[in-house]
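> Can you read through this structure? Questions will come right after.
The values are calculated or read from the model by the stated rules, or taken from the named source; none is laboratory data. Because the structure is a prediction, the values reported are computed rather than measured. In this analysis, Cβ positions are derived from the backbone assuming ideal geometry, glycine residues included, and neighbour counts consider all displayed protein chains. Surface accessibility is based on the protein's heavy atoms, side chains included, excluding ligands, DNA and RNA. Shrake-Rupley method; radii C 1.70, N 1.55, O 1.52, S 1.80 Å.
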Amino acid sequence: YSETLGAPPVGPGPFQFMTKLPLNQCFEVEWTEREFRLDRLPQALDGLTILHVTDLHFIGTIDLPFYKAIFERAATLDCDLIVFTGDLLDGLEFADWLPETIGKLDAPLGKYFILGNHDWHLEPDPIRAAMSQLGWNDVSSRLQVLDIAGHRLAIGGSELPWMGKQPDFSGAPSDCFRLFLSHSPDNIQWARRQGVDLMLSGHNHGGQVVLPFIGPVYSPSIYGCHYAGGVYFEPPTLLSVSRGVSGRHPLRIGARPEIGRLTLRAES
């Protein structure tokens, strides 16, 4: 986006020196398209599309024009529903950026969010209120069941181990497709026990730095770099971990920022 905007979109925030490091890809957003074939997805929901956004980390180092350009493009994508899986702000003053960025998104089946550990370090309640005012549905620690073409889709969210509790999937109909938003992929084993069909996470940033022959160098996870980023099938749950858009530290080498458009397919 440096070329698109005419100059590197660097603001007055901290860690500016990192944006100038050789090989840094912090401005090179990858728009991924993935298609998942899922056993329990009803045939009527075949082709359902989800836009997955995570880890924006508004801190001021990467400036507002970068994010505005991203969301102008994201708003043109055809998606049935949109999810955000945490780490929105690294400073409450950047809540002013929300209407011009993530506030531009909309989808026919709604938009759903949870927060992450960086939001927890601030004051999460004002952040939730700001997102809700922009039409986003807070599913943290709770379940929301959608009726789509006569079929049910349950969306639950978790901000553990930092805030709240796990959503109660036992309250969803047994035949309902289960979508789980968890900021950290570390909740994967809980998701498996709950019969979650699809789990979407962020938090690990793809490792931020991926070295040849070594792979990701660090992820803030109890599993190390195992779930740094990508897709993992641990029956019955398919886990997709996005590298996210940014981080408190603007350094990405071999782990470009990512926004994903997911298409769900039913088994024939």
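> Keeping every protein chain in place, order Met18, Met131 by accessible area at 1.4 Å, biggest value first, i.e. largest first.
Largest accessible area first, the list is Met18, Met131.
> Right, next: Compute the helix-to-body angle for 64-74: its Cα long axis versus the longest principal axis of the chain, expressed 0 to 90° and rounded to tens.
30 degrees
> What percent does the relative contact order of the chain come to when contacts are Cα pairs within less than 8 Å and at least six residues apart?
On the way: 661 pairs, mean separation 71.7, N = 268.
Relative contact order of the chain: 27 percent.
> Here's another thing I want to ask about it. Sequence-distant or interchain residues sharing an amide H contact under 5 Å with Ile62, placed H: which?
Gly11
> Another question, then. Sorted from largest down, what three extents in whole angstroms do the Cα atoms of the chain have along their principal axes?
In descending order, the Cα extents are 52, 44, 32 Å.
> Then there is this: With a cut-off of at most 15 other beta carbons within 10 Å, and DSSP calling the residue loop, which chymotrypsin sites (Phe, Trp or Tyr not before Pro) in the stretch 163-268 qualify? Please list them.
The qualifying sites are Phe213, Tyr218, Tyr223.
> For the chain, what is the calculated [θ] at 222 nm in deg cm²/dmol (nearest 500), taking -39500 (n - 2.57) for each run of four or more DSSP H residues and dividing by its residue count?
When only DSSP H runs of four or more count, the value is -3500 deg cm²/dmol.
> Sticking with this one: May I ask for the net charge around Asp175, where only other residues with Cβ less than 11 Å from the Cβ of Asp175 are counted and Lys, Arg are +1 while Asp, Glu are -1?
Values: positive: Arg40, Arg152, Arg178; negative: none.
Here the count lands on +3.
> With +1 on the Cβ of every Lys and Arg and -1 on the Cβ of every Asp and Glu, and nothing else charged, how large is the dipole of the chain about its Cα centre, in debye rounded to the nearest 20? Don't skip to the answer; put the middle values down first.
Working: 21 positive and 31 negative charges, 89 e Å.
Magnitude of the dipole: close to 420 debye.
> Which chymotrypsin sites (Phe, Trp or Tyr not before Pro) from the stretch 64-128 combine a DSSP loop assignment with at most 16 other Cβ atoms within 10 Å?
none
> Over the chain, with every protein chain in place, what whole percent of the accessible area is carbon and sulfur at 1.4 Å, could you tell me?
51 percent
> Averaging sequence separations of C-alpha pairs under 8 Å and six or more residues apart, then dividing by the length of the stretch 178-267, give the relative contact order as a whole percent.
29 percent
> Could you state the angle between the C-alpha long axis of helix 124-133 and the longest principal axis of the C-alpha atoms of the chain, as a value from 0 to 90 degrees rounded to the nearest 10?
Its long axis makes an angle of about 70 degrees.
> With a bin width of 5 angstrom, please list the P(r) values of the stretch 130-268 as percents of all Cα-Cα pairs, from the 0 bin to the one holding the largest distance.
Taking every Cα pair in the stretch 130-268, the percentages come to 2, 10, 17, 21, 20, 15, 9, 4, 2, 0.
> Give or take rounding to whole Å, what are the principal axis extents of the alpha carbon atoms in the stretch 39-145, in descending order?
45, 31, 23
> Compute the convex hull volume of the Cα atoms of the stretch 111-212, divide it by the residue count, and report the result per residue in Å³ as a whole number.
Spelled out: Cα convex hull of the stretch 111-212, divided by residues, is 133 Å³.
> What trypsin sites (Lys or Arg not before Pro) does the stretch 30-92 have in DSSP loop regions with at most 16 other beta carbons within 10 Å?
Here the sparse-neighbourhood loop sites are Arg40.
> So with the 1.4 Å probe, I'd like the accessible area per residue for the chain, rounded to whole Å². Provide the component values of the computation, followed by the final result.
Working: 11120 Å² over 268 residues.
I get 41 Å² per residue for this part.
> Enumerate the calculated ³J(HN,Hα) couplings along the stretch 214-231 in order (Karplus 6.51 cos²θ - 1.76 cosθ + 1.60, θ = phi - 60°), each rounded to whole Hz, writing x wherever the residue is Gly or Pro.
10, x, x, 8, 7, 9, x, 9, 5, 9, x, 9, 4, 10, 4, x, x, 10
> Here's something else I'd like to know. How are the alpha carbon pair distances in the stretch 105-152 distributed across 5 Å bins from zero to the largest one, expressed in percent?
Percent of pairs per bin, in order: 5, 18, 24, 24, 15, 8, 5, 2, 0.
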